[in-house]
Amino acid sequence: MFASTAPSIYTYEILNEYPHNPNYFTQGLEFYRDTLYESTGKRGKSVLVKLDYKTGTIFKEHKLKDTQFGEGITILDNKIYHLTWQSNIGFVYNADTFKEIDQFTYGKSKEGWGFCNDGEKLYKSDGSEKIWTLNAETLIEESAIEVYTNSKKLIKINELEYVDGKIYANTWQSGQDVAVIINPNSGIVEGIINFNGLKDKVTKTDNVDVLNGIAYNPTTKTFFVTGKNWDKMFEVALIKK
């Protein structure tokens, strides 16, 4: 269903820059108890890490099987929910020890892309225009929304973050480094965040890829964003134009 109005446009102000491992093909980024958790992709290189966001120091690391391509994460009730891309499997870990608690398979959703939660339910993107709602206990897909602006359907919804009743989402291969703000009840895109220019501030290598990874730190009340194989992570304030 198309939105009745065009989305609001946002830009950003850089508040701080922090080191980011340029070997990380970032797929998931989330704060929990003021500590940053990150999941990365690429088969044979996919890891889940817990780290000090200011220094990049790793507190804990878990490596996925070489056949698995890591994707989005979300953390609820001291459990990390971790997606893989095309293996049709997700994992649940203890957030402190990284000990595996459970596994789950996908329902109607095609793949694993982004993950977030609202404190009760989980939200999962699968590379299409859909965002699926999962029961946090059973991990069953209970419903889905379709993401639309006032003029088009939005596909390739990627990494997700839930903040103050809205879903913030990266979009993959949109041609620009942008994120969107989505109403989780209707699927309407209420805002577009123009992050163009950030990639120009990272060290240029052949591996540097698109913006991906958006996390909200409730302690600082600011957003943190990075990209695939970027050597920097940026703390930003969003500015409505």
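The values are calculated or read from the model by the stated rules, or taken from the named source; none is laboratory data. These figures come from a predicted structure and were not determined experimentally. Ideal geometry is used to build each Cβ from the backbone, glycine not excepted, and the neighbour counts take in all protein chains shown. The accessibility values were calculated without ligands, DNA or RNA, using every heavy atom of the protein model including side chains. Shrake-Rupley method; radii C 1.70, N 1.55, O 1.52, S 1.80 Å.
Numerical summary
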| read-out | value |
| --- | --- |
| Region 21-41: number of residues that are more than 16 Å from the chain's Cα centre (by Cα) and within 13 Å of residue 207 (Cβ to Cβ) | 3 |
| Some residue of region 101-116 being under 16 Å from the mean Cα position of the chain (by Cα), part of a strand (DSSP E or B) and crowded, with 16+ Cβ neighbours inside 10 Å | yes |
| Residues of region 137-163 that turn out to be surrounded by fewer than 18 Cβ atoms within 10 Å (Cβ to Cβ), in contact with a Leu (Cβ under 8 Å, 6 or more places away or on another chain) and in a loop (DSSP other than H, G, I, E, B), as a count | 1 |
| Odd one out for residue 67, checked against (1) in a loop (DSSP other than H, G, I, E, B); (2) hydroxyl-bearing (Ser, Thr, Tyr); (3) within 17 Å of residue 31 (Cα to Cα) | (3) |
| Condition met for residue 38 (of a type outside the set (Gly, Ala, Ser) and open to solvent by less than 10 Å² (accessible area, probe 1.4 Å)) | yes |
| Filtered residues of region 46-86 (kept if basic (Lys, Arg) and more than 18 Å from residue 21 (Cβ to Cβ)) | 65, 79 |
| Boolean, residue 28 is surrounded by 15 or more Cβ atoms within 10 Å (Cβ to Cβ), in contact with a Leu (Cβ under 8 Å, 6 or more places away or on another chain) and small (Gly, Ala, Ser) | yes |
| Hits in region 2-16 (condition: part of a strand (DSSP E or B), surrounded by 13 or more Cβ atoms within 10 Å (Cβ to Cβ) and of a type outside the set (A, V, I, L, M)) | 8, 10, 11, 12, 16 |
| Sole exception among (1) over 23 Å from residue 134 (Cβ atoms); (2) loosely packed, with under 15 Cβ neighbours inside 10 Å for residue 186, by number | (1) |
| In region 62-100, residue farthest from residue 159 (Cα to Cα) [restricted to those that are open to solvent by less than 10 Å² (accessible area, probe 1.4 Å) and polar (S, T, N, Q)] | 84 |
| Residue 134 vs. criteria open to solvent by less than 20 Å² (accessible area, probe 1.4 Å), part of a strand (DSSP E or B) and at pLDDT 95 or above | yes |
| Odd one out for residue 218 among (1) open to solvent by 60 Å² or more (accessible area, probe 1.4 Å); (2) over 17 Å from residue 29 (Cβ atoms) | (2) |
| Residues of region 41-58 classified as assigned to a loop (DSSP other than H, G, I, E, B) and either surrounded by fewer than 21 Cβ atoms within 10 Å (Cβ to Cβ) or of a type in the set (Phe, Trp, Tyr) (or both), total | 10 |
